[in-house]
Amino acid sequence: MIRIKSYLTFNGNCLEAMLFYKNCLGGELQFQTLGESLGAGRLPKAMEQYILQASLRSPYAEIIATDMVPDEGLCQGNNISLMLECRSLNELMAVYQRLGKGGNATQRVIPTQSGSYYASLTDRFGIRWMLNFMPEFNEP
């Protein structure tokens, strides 16, 4: 079964929000700042503390979050996406095709620096979806 996760986008206050959620919900919080990422030297100094990705995990839920605002800017409504953790690249591509009918592809399927495959789209109902597949965790 595909796992669905919430994906929240913030504008510089991701860590503050995730610490708040950790205090409210418990769980284990992990995060990476932009300053710790590949290519950090090309970024303005002020962005080094922005969160590239954070995850708050408990036995029952996972919240993923970032300070990486989409090109169209951040507004109430586009700050939440549903993220699908797929079990195979074929599954990712099939689900991407089905969800994308009548919608808008925002990122075609691409390999990432971490070795995963990623795609994103907005479906015909205006819901934002992010699809991910990490081969080493899913396939022998």
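The values are calculated or read from the model by the stated rules, or taken from the named source; none is laboratory data. These figures come from a predicted structure and were not determined experimentally. Note that each Cβ is placed from the backbone with ideal geometry, even for glycine, and that neighbours are counted across all protein chains shown.
Going by the structure shown, is residue 3 more than 24 Å from residue 76 (Cβ to Cβ), surrounded by 12 or more Cβ atoms within 10 Å (Cβ to Cβ) and in the same structural domain as residue 71 (by TED's automatic domain parsing)? Break it down stepwise before answering.
On the way: more than 24 Å from residue 76 (Cβ to Cβ): yes; surrounded by 12 or more Cβ atoms within 10 Å (Cβ to Cβ): no; in the same structural domain as residue 71 (by TED's automatic domain parsing): yes.
Considered against the rule, which asks whether it is more than 24 Å from residue 76 (Cβ to Cβ), surrounded by 12 or more Cβ atoms within 10 Å (Cβ to Cβ) and in the same structural domain as residue 71 (by TED's automatic domain parsing), residue 3 comes out as no.
So which residues in the stretch 30-47 are surrounded by 13 or more Cβ atoms within 10 Å (Cβ to Cβ) and over 15 Å from the mean Cα position of the chain (by Cα)?
Once the filter is applied, which keeps residues that are surrounded by 13 or more Cβ atoms within 10 Å (Cβ to Cβ) and over 15 Å from the mean Cα position of the chain (by Cα), the stretch 30-47 yields 35, 37, 40, 43, 47.
For the stretch 28-62, give me the residue count where each residue is aliphatic (A, V, I, L, M) and assigned to a helix (DSSP H, G or I).
Of the residues in the stretch 28-62, the ones aliphatic (A, V, I, L, M) are 29, 34, 38, 40, 43, 46-47, 51-52, 54, 56, 61.
Subset that is assigned to a helix (DSSP H, G or I): 34, 40, 46-47.
Going through the stretch 28-62 one residue at a time, the tally reaches 4.
What are the residues in the stretch 108-137 that are touching a Phe, Trp or Tyr at 6+ places or on another chain (Cβ under 7 Å) and part of a strand (DSSP E or B), if any? So that I can check it myself, show each step before the final result.
Initially, the stretch 108-137 is screened for residues touching a Phe, Trp or Tyr at 6+ places or on another chain (Cβ under 7 Å), giving 109-112, 116-117, 119-121, 123, 130-133.
Listed by number, the residues that qualify are 109, 110, 111, 117, 119, 120, 121, 130, 131, 132, 133.
Run down 103, 12 and say which single residue is over 27 Å from residue 136 (Cα atoms), surrounded by 13 or more Cβ atoms within 10 Å (Cβ to Cβ) and assigned by TED's automatic domain parsing to the domain that holds residue 131. Write out each step before concluding.
Working: 12 fails: assigned by TED's automatic domain parsing to the domain that holds residue 131.
Selected residue: 103, the only one of 103, 12 that is over 27 Å from residue 136 (Cα atoms), surrounded by 13 or more Cβ atoms within 10 Å (Cβ to Cβ) and assigned by TED's automatic domain parsing to the domain that holds residue 131.
Which of the residues spanning the stretch 107-138 are at pLDDT below 95, surrounded by 16 or more Cβ atoms within 10 Å (Cβ to Cβ) and closer than 15 Å to residue 70 by Cβ?
Matches in the stretch 107-138: 121, 122, 128, 129, 130.
For the stretch 63-91, give me each residue that is part of a loop (DSSP other than H, G, I, E, B) and touching a Leu at 6+ places or on another chain (Cβ under 8 Å).
Applying the first criterion (part of a loop (DSSP other than H, G, I, E, B)) to the stretch 63-91 yields 67-79, 86-88.
Those that are part of a loop (DSSP other than H, G, I, E, B) and touching a Leu at 6+ places or on another chain (Cβ under 8 Å): 67, 68, 79, 86.
Select from the stretch 69-100 the residues that are under 15 Å from residue 121 (Cβ atoms) and of a type in the set (S, T, N, Q) and write down the one among them that is surrounded by the most Cβ atoms within 10 Å (Cβ to Cβ).
81
Answer yes if at least one residue in the stretch 32-46 is touching an Asp or Glu at 6+ places or on another chain (Cβ under 8 Å), within 30 Å of residue 125 (Cβ to Cβ), not assigned by TED's automatic domain parsing to the domain that holds residue 91 and not β-branched (Val, Ile, Thr), and no otherwise.
Filtering the stretch 32-46 down to residues touching an Asp or Glu at 6+ places or on another chain (Cβ under 8 Å) leaves 33-35, 40.
Still in the running and within 30 Å of residue 125 (Cβ to Cβ): none.
For the stretch 32-46, residues touching an Asp or Glu at 6+ places or on another chain (Cβ under 8 Å), within 30 Å of residue 125 (Cβ to Cβ), not assigned by TED's automatic domain parsing to the domain that holds residue 91 and not β-branched (Val, Ile, Thr): absent.
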